[in-house]
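Engineer: Got a structure for you, written out below as structure tokens; questions coming shortly.
Every number here is computed from the coordinates shown, using simple stated rules; none is lab data. Here the structure is a predicted model, which is why all the values come from computation and not from measurement. Here the Cβ positions follow ideal geometry from the backbone for every residue, glycine too, while neighbour counts run over all protein chains shown.
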């Protein structure tokens, strides 16, 4: 069993939700499991254009270059397993991912939409905003350009949060956009205050220590080379890849 291949128990959880299975509407795939393993390997190894010869024998096991994954993976994205228990504390955070040269080329925004790439201090990059539960499992993922403030992710992820507490870093210390809405909803905000506050807030330091789970999730994401460097040109395909890694996190 190689690191990029699904175990039998993992495959049993998602096989019924994939398109192309026998008996479903549309074209029947020859081997869905082989395709999924190939997709995972593509994002795990990156498969650069000038790939070493030692990787060629592995790729020979899989079909020719695959079609874009955006809509296909979205259609086949399985729901979270019902036996996975969600916690009551939520972590909200973001991560920068530098865009490779191939993704920086101009694309037709009329047909593909915006690529979610912007200029930051490190160059052209994309931010991944993630909301995870108390077990470190991702619940929501959105993309923004690299120069967009972190609060843009909070505006999209925090409303409708079902947990009783939110754990986030100092970037989310904003009264009107984060703190006050949480207090109005009767939720706890374990967010350290910024140094420039005139009257610093107090926060639960013991509860805040559990925020390492969001960092652990991003460490898991960066093991996939094609996501860490962003090989995908369009935001649609890149977000679909993030959803795939999130599904793998649930399947662990």
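Engineer: Pull out the extension gain between residue 223 and residue 22, defined as 0.36 nm times the separation in residues minus the alpha carbon to alpha carbon distance; nm, one decimal.
Structural biologist: My answer for the length gained is 69.1 nm.
Engineer: Need the full-extension length gain, residue 187 to residue 170, defined as separation in residues times 0.36 nm minus the C-alpha distance. One decimal, nm.
Structural biologist: Length difference between fully extended and current span is 4.4 nm.
Engineer: Remind me, relative contact order of segment 118-159 in percent, using alpha carbon pairs under 8 angstrom and six or more residues apart?
Structural biologist: Computed value for segment 118-159: 39 percent relative contact order.
Engineer: Given a Förster radius of 41 Å and the C-beta distance between residue 5 and residue 156 as r, what FRET efficiency does 1/(1 + (r/R0)^6) yield to the nearest 0.05?
Structural biologist: So, using R0 = 41 Å, E works out to roughly 0.75.
Engineer: Within 10 Å of each residue's Cβ, count the other Cβ atoms and sort 184, 222 from fewest upward.
Structural biologist: Going from sparsest to densest Cβ surroundings: 184, 222.
Engineer: When 208, 231 are ordered from fewest to most other Cβ atoms inside 10 Å of their Cβ, what list results?
Structural biologist: Least crowded to most crowded, the residues run 208, 231.
Engineer: Sticking with this one: Where the centre of each part is set by its Cα atoms, how far does segment 185-251 sit from segment 1-47, in angstrom?
Structural biologist: 27
Engineer: A further question follows. Order by neighbour count: 125, 216, 30, fewest other Cβ atoms within 10 Å first, most last.
Structural biologist: 30, 216, 125
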